[in-house]
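Provided herewith is a single structure, encoded as structure tokens, for subsequent inquiry.
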Amino acid sequence: EAVASCVSGAFWAAGQNCIGTQRILIAAEVYERFRDAFVARTRLLRVGDPLDERTDVGPMITHQAAAATQAKVDTAVAEGAVLLCGNDVTGALYAPAVLENVPAACSIWQEEVFAPVVVLQPFTSFEDAIEQANAIDYSLHAGIFTARLDRALTAAQQLEAGGVMINDSSDYRFDAMPFGGYKYGSMGREGVRFAFEDMTQPKVVCINHISGVVH
């Protein structure tokens, strides 16, 4: 279930989704099993014409965007990352890429790629997972998969993210919720009521009644 949800969250809209899943932290004891299942499921995705009902991943917005994404992945590999699948470009079509062993200082780990690119990284403890998740300057949404509600709620409090999805991928959203991020993730909040409040200023007007004064 976690694998399927993360694949969907990562590659929906060809990864061009500001709350799409890009970095996935996995408990070390299940890392290899998750990685292998994630890569296998990613390889099954059909990249092609969005008008074809058989297509799973359509084109990126431009040829240049696809080429730039390939260049970012190539740079990550040159810096020590391991490419597990994808990173092939045909025009604006980009085959979803999955990487591991990405250095923490690498831009593909630190910044939003806005493309069908995922980085897998193991963690050794709950505290390690929180530390790695918070060690970037951008954070809109986070997703947590766990059978322990106590850990999920503790993580939700400690994660520096504008939204935390428990047992769902980071890309879950509906219009009424307060949508926005922490740190450099965003300014203010979207969502009907929250956007209205963010785009207006309250003003207080007090009238002290004075008898005999008519305006």
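Read the figures in this text as sums done on the coordinates, not as results from a lab. Bear in mind the structure is a predicted one, so any value in this text is a computation, not a measurement. Heads up, the Cβs are rebuilt from the backbone with ideal geometry, glycines too, and the neighbour counts pull from every protein chain shown.
Of Cys18, Cys206, Cys6, Cys106, how do they rank once you tally other Cβ atoms within 10 Å and put the fewest first?
Arranged by neighbour count, lowest to highest, Cys18, Cys206, Cys6, Cys106 become Cys206, Cys18, Cys106, Cys6.
Further, regarding this structure: What is the order of Val204, Val89, Val192, Val117, fewest Cβ neighbours within 10 Å to most?
Result, fewest neighbours first: Val204, Val192, Val89, Val117.
Note down the net charge around His141, summing +1 for each Lys or Arg and -1 for each Asp or Glu among other residues with Cβ under 14 Å from its Cβ.
Taking every Cβ under 14 Å from that of His141, the sum is -1.
How much length would be gained if the chain were fully extended between Gln16 and Asp198, taking 0.36 nm per residue of separation minus their Cα-Cα distance, in nm to one decimal?
Going from the current span to full extension adds 63.0 nm.
Roughly how many nanometres apart are two label points built 7 Å out from the Cα toward the Cβ at Asp88 and Leu149?
With each label placed 7 Å out from Cα toward Cβ, I get 4.6 nm.
Continuing with this model, one more query. Please find, in a Gaussian network model of the chain (springs between Cα atoms separated by less than 10 Å), the residue of Gln16, Gln201, Gln157 whose mean-square fluctuation is greatest.
It is Gln201.
Please rank Leu83, Leu159, fewest neighbouring Cβ atoms within 10 Å first, as an exposure proxy.
Ordered by Cβ neighbours within 10 Å, fewest first: Leu83, Leu159.
Next question. Could you tell me the calculated FRET efficiency between Glu112 and Ile210, based on Cβ-Cβ distance and R0 = 41 angstrom, to the nearest 0.05?
After rounding, the FRET efficiency stands at 0.10.
Residues in region 88-111 near a label at Ile61, defined as backbone nitrogen under 13 Å from the 7 Å Cα→Cβ point?
None, by backbone N distance to the label point.
Can you match Rg/Rh (Cα atoms, Kirkwood Rh) to one of these, [x] 1.08; [y] 1.13; [z] 0.93, based on a calculation from the structure here?
Here Rg/Rh (Cα atoms, Kirkwood Rh) agrees with entry [y].
Give the longest segment of the chain that steers clear of GluC sites (Glu not before Pro) in DSSP loops with at most 12 neighbouring Cβ atoms within 10 Å, not counting the sites themselves.
Here the longest run is 54-215.
Would you mind calculating the relative contact order of the chain from Cα pairs under 8 angstrom and at least 6 residues apart, reporting the percent as a whole number?
20 percent
If you don't mind, there's one more thing I want to ask. Against the longest principal axis of the chain, how steep is helix 149-158, in degrees 0 to 90 to the nearest 10, with axes from Cα atoms?
Around 70 degrees separate the two axes.
Would you mind checking the tilt of helix 2-11 against the longest principal axis of the Cα atoms of the chain, expressed as 0 to 90 degrees and rounded to 10?
Taking the Cα atoms of the chain, the angle to 2-11 is about 80 degrees.
Another question, then. Give me the distance between the Cα centres of region 132-199 and region 61-123, rounded to whole Å.
24 Å
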